[in-house]
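Structure record follows, encoded as structure tokens.
The values are calculated or read from the model by the stated rules, or taken from the named source; none is laboratory data. If you're wondering where the values come from, they're calculated on a predicted model, not measured in any experiment. Every residue, glycine as well, gets a Cβ built from its backbone with ideal geometry; the counts of neighbours run over all protein chains shown. Ligands, DNA and RNA are stripped out before the accessible areas are found, and what is left, the full protein with its side chains, is counted by its heavy atoms. Shrake-Rupley method; radii C 1.70, N 1.55, O 1.52, S 1.80 Å.
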Amino acid sequence: MQITDGNRAPNLLPVTLVLTVVLWIFTMTGGRDIFVNEVLGGAYDSQAEHFLRGDVGVDADAIAHETMIVNGKVRMYFGPFPALLRVPLNFIYPAGHGKWSRISGFCAGVIALFAFAGLVATALRSSPLSSRPRNWVGNACVIGFALGSPLLLLLGNLSIYDEAIIWGFAWSVAALYFACRSRTTEGAALTRSLLGFSFCAGAALLSRATFGAPFVLIAPLLAIRLFHRQPIRNITALLLPLGAALLFYLFLSYARFGDFSGMNMRYNINPVQRDFAVKHGLFRLERVPYSFADYFVLRSPKLQREAPFFKANRKDYDHESLYVMPFTETYSSLLWSSSWILLGAVIGVAMLLRPRRADGVDRAIAAIFLLQVILILSFMGLAQRYLAELFPFLIFAFLIFLRQGKIAFQLRYLLIGVVVVSVLISALSTVSWLVEADMNVPAETRAKWNQFLGRTSRS
């Protein structure tokens with residue numbers, strides 16, 4: 001193995017900036033379709049207006065088929081963060097009302113991308129690799145994250161469903177970045193890292209509770225080392241924003257639904273989802289092995305002759321007492337679409353289980369993220385966008401792998417090759433899904449994709 005040349009971090013900024021431009025072009029369908037009325041995207045604007053009036057409701061026509069009726073009043077179960085973001089946006093530019101989804105999602109994507117680049121740089125800084133392998137491995141990982149992860153799908157369709165997830169995803173990655181920094185810094189830098197963690201964790205909770213909940217459990221782990229390091233200042237920085245977000249989430253949930261759960265399906269106007277959830281449960285552990293097979297193994301890419309050359313579609317998955325729909329919307333499992341992170345995460349998990357390769361806090365954080373994975377695997381629906389909820393655990397395990405420079409160095413060519421394969425499969429399959437199968441993509445966007453691919457538009 002090559003000898004390291006100090007504790008220099010890899011230079012990931014140029015590639016990250018280039019990928020930011022690529023994601024802008026992808027999100028805006030060539031870079032020009034900025035203000036677009038995505039499916040139910042205006043619900044967040046309506047929610048923002050109601051917040052300003054001191055009301056937790058939403059206009060019925062804005063939330064449409066995702067309406068929850070509670071004591072005769074219209075409610076939405078989506079996290080409030082995108083709605084809170086709409087308040088200053090609509091104040092600055094009222095003409096954008098109802099059309100902020102793409103700008104909102106792109107901002108979230110950039111946060112996720114830069115936070116992941118920071119995580120990789122931090123992990124490789126502590127690895128015993130020389131400068132060139134660090135740069136190659138680090139840049140390959142950033143490319144894999146941008147183009148070989150659920151991020152690309154979420155940016156390709158920013159309906160109300162994906163906008164909520166991409167913000168939860170972004171703040172989750174950012175919170176993990178500050179959590180890792182807080183374990184290696186001292187003094188004022190430690191306080192800033194704790195404050196960053198607390199803010200990002202709270203924002204993740206307000207975006208999508210399943211992303212934020214793990215960080216509520218991780219915060220006490222970070223507090224353990226603070227009792228001899230400016231405890232009042234640092235514990236305040238750690239707990240104040242997150243605590244405020246948690247209280248806001250609980251009070252908002254109670255105001256919406258009369259309980260603190262944040263989502264009670266018995267209020268859903270969709271009779272299929274409502275009746276299934278009441279009868280069979282929103283979450284059930286019996287689903288875990290079937291969902292694991294679906295998300296990690298079963299959904300292999302299918303070739304087709306015309307561009308984009310991989311075909312993505314729904315697959316029959318008829319377990320009528322387990323899942324609300326008789327099909328899965330997972331079109332490419334992690335084994336294919338994100339095999340680069342799966343490779344490193346498997347090695348990282350093995351290291352977590354071995355003595356002296358990780359400490360107790362690392363193992364506890366991994367266990368907390370694993371609970372998030374089990375929660376998602378027990379959900380009553382299967383969709384490609386839910387893969388994002390598995391990534392906090394995969395990213396954390398992947399960082400453990402990167403920190404062990406010897407194995408990363410030995411596998412660097414394999415890792416780079418797997419990144420290339422993942423990017424090709426994920427990107428082309430995602431374009432196929434957006435063009436041919438995703439019912440929430442606006443017709444104009446689908447037509448532009450078909451034009452770009454050189455084929456007749458399909459309805």
* To do: Enumerate the helices (runs of 4 or more DSSP H) found wholly within the range 1-92, keeping only those where 2 or more residues are farther than 22 Å from Asp162 by Cβ and among the β-branched types (Val, Ile, Thr).
  => 13-27
* Hey, can you tell me all the residues within the range 244-284 that are part of a helix (DSSP H, G or I), polar (S, T, N, Q) and surrounded by 19 or more Cβ atoms within 10 Å (Cβ to Cβ)? => Ser253
* Asked: When you look at Asn90, is it of a type in the set (S, T, N, Q), open to solvent by 10 Å² or more (accessible area, probe 1.4 Å), at pLDDT 95 or above and on the phi < 0 side of the Ramachandran plot, yes or no?
  -> yes
* Asked: Among the numbered criteria (1) touching a residue at least 40 places away in the same chain (Cβ under 8 Å); (2) under 21 Å from the mean Cα position of the chain (by Cα); (3) open to solvent by 10 Å² or more (accessible area, probe 1.4 Å), which single criterion is violated by Val216?
  -> (1)
* **Check on Asn234, more than 23 Å from the chain's Cα centre (by Cα), surrounded by 15 or more Cβ atoms within 10 Å (Cβ to Cβ), at negative phi and in contact (Cβ under 8 Å) with a residue 60 or more places away in the chain** => no
* Within the range 33-59, restricting attention to residues that are aromatic (Phe, Trp, Tyr) and surrounded by fewer than 22 Cβ atoms within 10 Å (Cβ to Cβ), which residue is farthest from Asn157 (Cα to Cα)? -> Phe51
